[in-house]
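**Student:** Right, I'll just put the structure down here and ask away after.
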Amino acid sequence: MSDLLIISGAPSPAAPTGVVVSFVEEHLRAAGHRVSVLHVRSLPTLSLLTEDLRDPEIAGAVSGVLSADGVVVASPVYRAAYSGLVKALLDLLPKKALRGRAVLPLATGGNQGFLVAMDYALHPLLAAKGADQVVRGEFVLDRNVDSPGAAAALEAAADRFTTALTPRLRKVS
């Protein structure tokens, strides 16, 4: 099918964003896609923050984004902004790195007021990296990540994402 990359800004696997990433990863794999997860927390912090593209792990992360057919960007929202680690990684990408790729933003946060981070913080960041096919993402309240409602919303988002991949895959074939 397709090669997908999930960029996870989760501080740990058990954090709400980590739970969301695991759920979406499982759903995309079940649909037959090849899925890689890039846990930004596992990248060498000094190399990430100093934009050291000579570091093999940093270079591999950038290469993974550039070679993916579609990218999911999952981040916790703190004080109405995405994770600084996610921003640091996206800042390493070339200006138009996300052009022509389906991109699915996902976010988790402590209250509904943080929903604005999707439209006013994350979308502009993705657009600055050339994302011209941003699929309507999902914001999940931290306390609801294990709820049936969140599962249904995340499945729907993942399905919108895979539908958006179809035109790109036809062009590549």
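**Student:** For region 80-103, which positions are assigned to a helix (DSSP H, G or I) and either open to solvent by less than 40 Å² (accessible area, probe 1.4 Å) or of a type outside the set (D, E, K, R) (or both)?
**Tutor:** 84, 85, 86, 88, 89, 90, 92
**Student:** Can you say whether residue 4 is under 22 Å from residue 82 (Cβ atoms), touching a strand residue (DSSP E or B) at 6+ places or on another chain (Cβ under 9 Å) and touching a residue at least 60 places away in the same chain (Cβ under 8 Å), as far as the supplied structure shows?
**Tutor:** Numbers: under 22 Å from residue 82 (Cβ atoms): yes; touching a strand residue (DSSP E or B) at 6+ places or on another chain (Cβ under 9 Å): yes; touching a residue at least 60 places away in the same chain (Cβ under 8 Å): yes.
In short, yes.
**Student:** Consider residue 145 carefully, then state whether it is under 14 Å from the mean Cα position of the chain (by Cα) and within 16 Å of residue 16 (Cβ to Cβ).
**Tutor:** It is false that residue 145 is under 14 Å from the mean Cα position of the chain (by Cα) and within 16 Å of residue 16 (Cβ to Cβ).
**Student:** Now for a separate question. Kindly indicate whether any position in region 34-46 is touching a residue at least 12 places away in the same chain (Cβ under 8 Å) and more than 22 Å from residue 91 (Cα to Cα).
**Tutor:** So far as region 34-46 goes, yes, one or more of its residues are touching a residue at least 12 places away in the same chain (Cβ under 8 Å) and more than 22 Å from residue 91 (Cα to Cα).
The values are calculated or read from the model by the stated rules, or taken from the named source; none is laboratory data. Since this is a predicted model, take the numbers as computed values, not measurements. Virtual Cβ from ideal backbone geometry, glycine too; neighbours counted across all protein chains shown. Accessible surface is based on the protein model in full, side chains and every heavy atom, while ligands, DNA and RNA are left aside. Shrake-Rupley method; radii C 1.70, N 1.55, O 1.52, S 1.80 Å.
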